[in-house]
Amino acid sequence: MRVLVTGHEGYLGSVVVPHLIEAGHEVVGLDVGYYADCLIGPPPPRVSSVRMDLRDLGCADLRDLGVQAVVHLAALCNDPLGNLDADLTYAVNYRATVNLARAAKAAGVTRFLFSSSCSLYGSGGGDAPLDETAPFEPVTPYGESKILSEQAISSLADDDFSPVYLRNATAYGFSPRLRGDLVVNDLVGHALLTGEVRLLSDGKAWRPLVHVRDIAAAFLALLAAPRERVHNRAFNIGQTAENYLIRDVAELVREVVGGTVTCADGGGSDLRNYRVRCDRIATEIPEFRPEWTVRSGIGELAEAYDRYGLTLEDLTGPRHLRLGRIRELLAGGRLDASLRWTTLTGTQG
Ligand SMILES: NC(=O)c1ccc[n+]([C@@H]2O[C@H](COP(=O)([O-])OP(=O)(O)OC[C@H]3O[C@@H](n4cnc5c(N)ncnc54)[C@H](O)[C@@H]3O)[C@@H](O)[C@H]2O)c1
């Protein structure tokens, strides 16, 4: 299939694109380019791509691309970035997302894979794992933007247009566009570089965790699965056995990497607290075979950090922290307050 991947220059996109190419799909990327040059290690394969803000996309743009499927990853991703300006989060993650889905449908796209998030379960958890029918209890504009998008895209579903909602758990693992703002990536980096496994909260919240390459495998499986199994359906992406208390993740990091577990000053409780059940994808999409556990991912990260000479400045600076990167671009006058480039960036080859 010829597949449009939006947000192909992000943390997930940089791993999803090679997966799709290896499986024989032809990929076209679309990204505004906030993190284009924030690379570590060998870069992902170059693909034909469009440098564009999703908010400016029109129906004709999508028709011109001639794609049969869309993998929609582009977003102002994660809760802290979403809190920077809630309206911008809704503009990109919700309104531009629905606009993209409409344009895709009008252009004859038959499958639309939307990168949603388990963040929509928000504060809904506790000890019982939540399946896809659980009520939504978002605690941030980011979580809410995913709910609004799922609901609006769902109204477009028909015989010719099949949206699918991938409610990804919190990701971890190495990507050529690394993120130090993800809990496992952060804990491993600090353990390796400072000897401290530094918790930023009290560690008592539950969180489902999934390796970035297992997310890529889920996109691939849901792209290829028969329509009747996926049409207009949500899937929690991860493994039911991979829900963790954050303090237990810290303990695992200590076991694998070494160091001392500490709590950052003022580390209070985290409102986001949920466990999820991932039995729907496990039983209904057998082509999806997750390969990673948090323990194996910690080892992989430590090895990659070492191999590519990651520094503390890399891990905690704008190169690999989303909020830090956006703030840097704002402070340097390269982005205006609406997160639009102040200089023309053009189309990539
Ligand atoms: N990383 C996670 O743990 C996780 C978990 C659940 C869901 N998700 C979802 O998966 C998707 C990808 O996440 P990620 O971790 O790769 O995020 P990311 O921030 O690393 O990448 C997002 C990409 O979208 C691009 N983008 C942002 N605004 C844009 C706009 N207006 N127009 C065009 N491109 C734009 C950015 O430049 C970036 O390359 C997001 O939708 C996110 O909400 C991620």
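Some notes on this structure:
- Residue within the range 125-133 that is within 16 Å of the ligand (Cβ to nearest atom), assigned to a loop (DSSP other than H, G, I, E, B), closer than 14 Å to Y165 by Cα and not hydrophobic (A, V, I, L, M, F, W, C) present: yes
- Scanning the range 26-71 for residues that are out of contact with any Gly (no Cβ under 7 Å at 6 or more places or on another chain) and near the ligand (Cβ under 7 Å from one of its atoms) gives L30, V32, G33, Y34, M52, D53, L54, R55.
- Restricting attention to the range 289-328, the residues being assigned to a loop (DSSP other than H, G, I, E, B), within 16 Å of the ligand (Cβ to nearest atom) and either under 19 Å from the mean Cα position of the chain (by Cα) or closer than 16 Å to G173 by Cα (or both) number 6.
- Selected residue (criterion: modelled with the lowest pLDDT) from residues of the range 254-284 that are part of a loop (DSSP other than H, G, I, E, B) and among the hydrophobic types (A, V, I, L, M, F, W, C): L271
- Any chance S201 is in contact with a Ser or Thr (Cβ under 9 Å, 6 or more places away or on another chain), within 16 Å of the ligand (Cβ to nearest atom) and hydroxyl-bearing (S, T, Y): no
- Scanning the range 108-135 for residues that are hydrophobic (A, V, I, L, M, F, W, C) and under 16 Å from A157 (Cβ atoms) turns up V109, F112, L113, F114.
- Of everything in the range 77-118 that is within 12 Å of the ligand (Cβ to nearest atom) and part of a loop (DSSP other than H, G, I, E, B), the residue that is surrounded by the most Cβ atoms within 10 Å (Cβ to Cβ) is C77.
The values are calculated or read from the model by the stated rules, or taken from the named source; none is laboratory data. These figures come from a predicted structure and were not determined experimentally. We place every Cβ from the backbone using ideal geometry, glycine too, and count neighbours over all the protein chains shown.
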